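Just so it is clear, none of the values below were taken in a lab; they were calculated from the coordinates. No experiment lies behind these values; they were computed from the predicted model shown. Cβ sites come from the backbone with ideal geometry, for glycine too, and all protein chains shown count toward neighbours.
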Amino acid sequence: MDFQNRPGSKVGSGGVAGYSETNVDRRERLRKLALETIDLNKDPYFMKNHLGSYECKLCLTLHTNEGSYLAHTQGKKHQTNLARRAAREAKENNNIQPALQAQAKVQIKKNLVKIGRPGYKVTKVRDPITRQLGLFFQIQYPEIGLDVIPRHRFMSAYEQRIEPPNKAHQYLLFAAEPYETIAFKVQSKEVDKGEGKFFTHWDPDSKQFSLQFFFKNDRPGMYSEGIPPGIERAPIVNPLNPYNAPAMRGPTFVHN
């Protein structure tokens, strides 16, 4: 076949290239350009298998050399798969991002430097009516952080790791940034949470946190409301005990 005398060709040339020759030349130019601009070590989809050939993990294609792989990356199939992957990742990020933002708003932890222990005062109190014993705590926080309100909680002796556990005691903790958390060892008795028996108060002007509570009576009913302090209640007489009821009436006999 005469390639030199083909229509449109110049004298001495090889004739007008066909589609296949043009495609080969285009691929070769793209391969050389990709070798100059693309670093295969940073390509997440480039992989060399145990046979010495190269694979595209995105398109699942096999290539004999690096040039073939680079030519593949410039092709329509690889570019289409890249666009699909980007669209899917963008959709997933849009679904995850609101959840992450909500979590970031809820869980915010500040690393503050502790400045020491706060001052405190503890007073023993007694309810004038029920004669219940209790404690009154006054904790001073003169350098408390902005918008910080002191917190408290009761902790079992088995939760702490400072002293050997003792079931006869429990701990009352107070915490407020940037002060260290302090704890008080109190009796392991049930705390009365009834109306007027347990209260807390935070004074932002004097920077003092107050807490007062009463223990429940060991024998409920021993004291009743309405009895003034200093007056003891009369003991309850047991009718089944003859030695504890001298004024009990004697037996009544019925005569026929």
What full-extension length gain, to one decimal in nm, is calculated for HIS50 and VAL148 as 0.36 nm per residue of separation minus the Cα-Cα distance?
29.1 nm
Just how many % of Cα pairs in the stretch 119-215 lie over 20 Å apart, if you round to the nearest whole percent?
42 percent
Evaluate the distance, in nm, between pseudo-label points positioned 7 Å from the Cα of ILE115 and of ASN94 along their respective Cα→Cβ axes.
4.8 nm
Charges at C-beta only: +1 for Lys and Arg, -1 for Asp and Glu. How large is the resulting dipole of the stretch 20-92 about its Cα centre, in Debye rounded to 20?
280 debye
Potential extension, THR22-ARG161 segment - 0.36 nm per residue separation minus Cα distance
42.1 nm
